[in-house]
Each structure stands twice: as structure tokens, then as C-alpha cells.
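Presented below is the structure to which this report refers.
The values are calculated or read from the model by the stated rules, or taken from the named source; none is laboratory data. It should be emphasised that the depicted structure is a prediction, and the values quoted were computed from it without experimental measurement. With ideal geometry, Cβ positions are generated from the backbone for all residues, glycine too; neighbour counts draw on all protein chains shown.
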Amino acid sequence: MNQHQNIKNTTYLKKLSAIVLATSLTAAGTAATLPLVQSSAYAASTSSSAKSAINVQVEGKAISAKGILSKSGSTLLPLKDIAKTVGATVTYNAKERTATITKGKNKVSYDLNQKDMVFVRLNGSAVGDSYDASVVKGTTYVAIKAVTEPFGYRALWNNATRTVNVTAAGMNDVEVTGSKLESSIQNKYTNVNIVYPVVSGLENEAAQTKINKALKAHFDQFVTTMQKQVKEAGAPVNKDITYEIDGGYKVTYNRNGVISFLLTDYQYLGGAHGDDILTSMTFSLKDGKAIQLSDLLKSNSNYSQDIKKLIQTHIKKNADTEGLSLEQFNDLSKNSSKYLENYYLTDSGFTIFFQKYDIAPGAAGNPKIDFTFSQLLKSGTNPLSAYQS
């Protein structure tokens, strides 16, 4: 890939992630947690002054560095200090303004070239996510999720002591690493960078094999589809253009005997910008079976209509700020609830996402709307009880 095209595509991916992040941060639903899950630190005290220090712990032990609040109210942690405390190694590239953190088999790249934002990529993937960030007196601070999500941690907030604890406690005893998918599509005008997740460490090897087979099959199918499209497109007329075919993943939930993934397929075959498709997969670690949203909400026979009403309410409230269209959603959901297949679990509940253009213009990216289980289930109902050991 030539440098010009690389910059163009990377910029687009960053912009896309930033839009998705902004949409998810304003999503509907009161912040809450799954049953048996402690409160998260993602929305810690947004009313406090941005200069207010936040105490930081790693596995319950205090570190000398303090956290801060971003301009938008997100909790930011000192990247270098947190990484070293959890046993990771940190390297900086001052010229490219990037940091690379390595822990075990996982390597995470932090691109610090955008003001008040960091672009995070996992295990060499070309796709990633944007998070709040800030540099204060030479120290780089990043949003909590930029640290916890790639390395399999979660953040617990203690409002009384203004302390955030980064911990792996309560996480499933499995490891997720990235593997590069080789493809024959790669040529002088087509760049392929697909990194897919591999689960290891499960006692039930049959379940582990089943999960890994499903994850790899998704990206294998993506490659097969793109092979046909690249062949049909032929070599680009503009020799400065390089086609881009990328794939990546994120673990959105890994607790209570369940693991949830968000997969991204990205393609650029010329034109103003590329296109991406999001796919979610959630599995039971007991047997490797896929878990549908209907499995988790089966105690509410009217859950699909309840979710539809919540989405309609969210769109009416946030149409202007998020660019959402109630008319488009009503058309999408008129005779089908298939959109409910696009969900993934989070520490606060679950998120339903939409493909580009489904309920908003393309500039809005992939809208995401957050829900808590308490919005849909009776008090005391644990939707994950069947999957816990």
C-alpha cells in the first residue's frame, strides 16, 4: 500500500471509530450492571472538576499515579503506569507518536496523533477504536476502556473514596489472542489485514474448538466474498489507489461463563470511503453454543416489543445529536425483529447496534444503543445464571 492511500484509509477508520464511540456514549438506558457484577467506573462522577484527582488501584493495590477526568467527563488513567503495574512492557515511538504495550501474546498499539483522542488497535489489526485521551505534563492519560478492554480487565469505581480499581477479578479463566488470517487476495494493489480471535484455556476442549471454529468461519466467509468482489472490480484505474480488506475484533464481555465478541469487516475498493460491517457473536463457555438475545430475555415474552419501544424513545430524544431517523427504524422493524440479532454483552447489560445507513446517514457510522437487563426483566432475574459454573 502506498503512503498516501494508507493515510487516507487509516484516517477513515479513525473517523469511523470516533463516530461510533460518540454514538455509544450517548446511548439510551440508565447505567447499571449485570447481576453479580459490581459497578463500573466508566461514568465516574462527571459533575466533578476536570482537575480533580482520581485515586488508582491495580488489583486492589494503590499506585502513586493519579487518574484525571477528560473534558467530556470520562475517567482517564495514566497509560504507562497502569501498563507496567499489570506486568506489561511499554515502548514509545516519538517520531510516529505511538505507544505499544505488550502483555503475554497480546500487543496493543496506541496512536496519539489526534488531540484529546487515542486510536487503539489490537494485535496488528488495521481496525480499532477511538477513546478519550490527554497529555498532561508529558504523561499520557487514556480512557479506562482503552486499557481494560484489550487486556481483559474491568474497572470498579468507589465513589466514596474516588478510587478506580483495575482488576481481572471475576473474569472467565480463558485467554483470547489474535491470529493473522492469510489470504490469496493479497497482491500489488490489494492489501489484506485480518486479525481474528482465538480462545484458549477452556477445560472443555470441544466447546473451545466449537467457538474458535465459528469465529474463524466468519472471517473465512468474509475473505471468500471479497475475493469475488476484487476479481469483479479488477485492478484500480487510478494507480495511486490500493484496495483495503481488513478485519478485527473486540471482546466486549468475558464473565459469568459467557464471552461476547464484536467483529468488524472493512473493505475499500475505491471511491470516497470504505464500508464496514459489524457482526456480534456471544458464546457459552460450558458447551460452546451461541447465545441469542432471546435466550437471555426469555422470561419476558414481550421483550422484542419492549426493546422496540425503548429504541423509538431513544431515537426521538437523540435524533438531532446522533443523526438518527425514526422513520428508517420504523421501516426496518415494521415486519421483522431481525435487528435484535445484532447485540453484544457489556458489563452494564447489552448493546444493540445497527449497520451503516440502517437508521441514520452514513456519516453517523454504526449507531449503538445500550440497555440494562433491569429495563426488560423482573427485579432479581439473572439472565446469565444458566451459564455460570
If you go through the stretch 145-162 one residue at a time, do you hit one that is of a type in the set (S, T, Y), buried (at least 20 other Cβ atoms within 10 Å of the Cβ), over 23 Å from L263 (Cα atoms) and over 17 Å from the mean Cα position of the chain (by Cα)?
-> no
Pick out, from the stretch 48-122, the strands (runs of 3 or more DSSP E) lying fully within it that include 1 or more residues that are without any contact (Cβ under 8 Å) to a residue 40 or more places away in the chain.
-> 89-93, 98-103, 106-114, 117-122
Could we say that L340 is surrounded by 14 or more Cβ atoms within 10 Å (Cβ to Cβ), under 21 Å from the mean Cα position of the chain (by Cα) and not assigned by TED's automatic domain parsing to the domain that holds N212 here?
-> yes
Out of S49, S64, S39, which single residue is modelled with pLDDT under 50 and farther than 18 Å from S134 by Cβ?
-> S39
Give me the pairs: first residue in the stretch 318-335 and without any contact (Cβ under 8 Å) to a residue 12 or more places away in the chain, second residue of a type outside the set (S, T, Y) and assigned to a helix (DSSP H, G or I), beta-carbon distance under 9 Å, and six or more apart or on different chains, which are they?
-> A319/L326
How many residues does the stretch 332-349 hold that are farther than 22 Å from I277 by Cα and in a strand (DSSP E or B)?
-> 1
Considering every residue within the stretch 289-297, establish whether at least one is under 30 Å from V198 (Cα atoms) and in contact with a His (Cβ under 7 Å, 6 or more places away or on another chain).
-> no
How many residues does the stretch 223-235 contain that are farther than 12 Å from Y189 by Cβ and either part of a strand (DSSP E or B) or not polar (S, T, N, Q) (or both)?
-> 5
Long-range neighbours under 8 Å by Cβ, at least six apart or interchain, first residue free of Cβ contacts under 8 Å to residues at least 24 places away in the same chain within the stretch 134-150, second assigned to a loop (DSSP other than H, G, I, E, B) and buried (at least 21 other Cβ atoms within 10 Å of the Cβ) | none
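Residue by residue through the stretch 180-218, note down the ones that are in contact (Cβ under 8 Å) with a residue 40 or more places away in the chain and part of a strand (DSSP E or B). Give the steps one after another, and end with the answer.
Taking the stretch 180-218 as the starting set, the residues that turn out to be in contact (Cβ under 8 Å) with a residue 40 or more places away in the chain are 180-181, 183-185, 189-197, 199, 202, 204, 206-211, 214-215, 218.
K180, T190, N191, V192, N193, I194, V195, Y196, P197, V199 - these are the residues of the stretch 180-218 that are in contact (Cβ under 8 Å) with a residue 40 or more places away in the chain and part of a strand (DSSP E or B).
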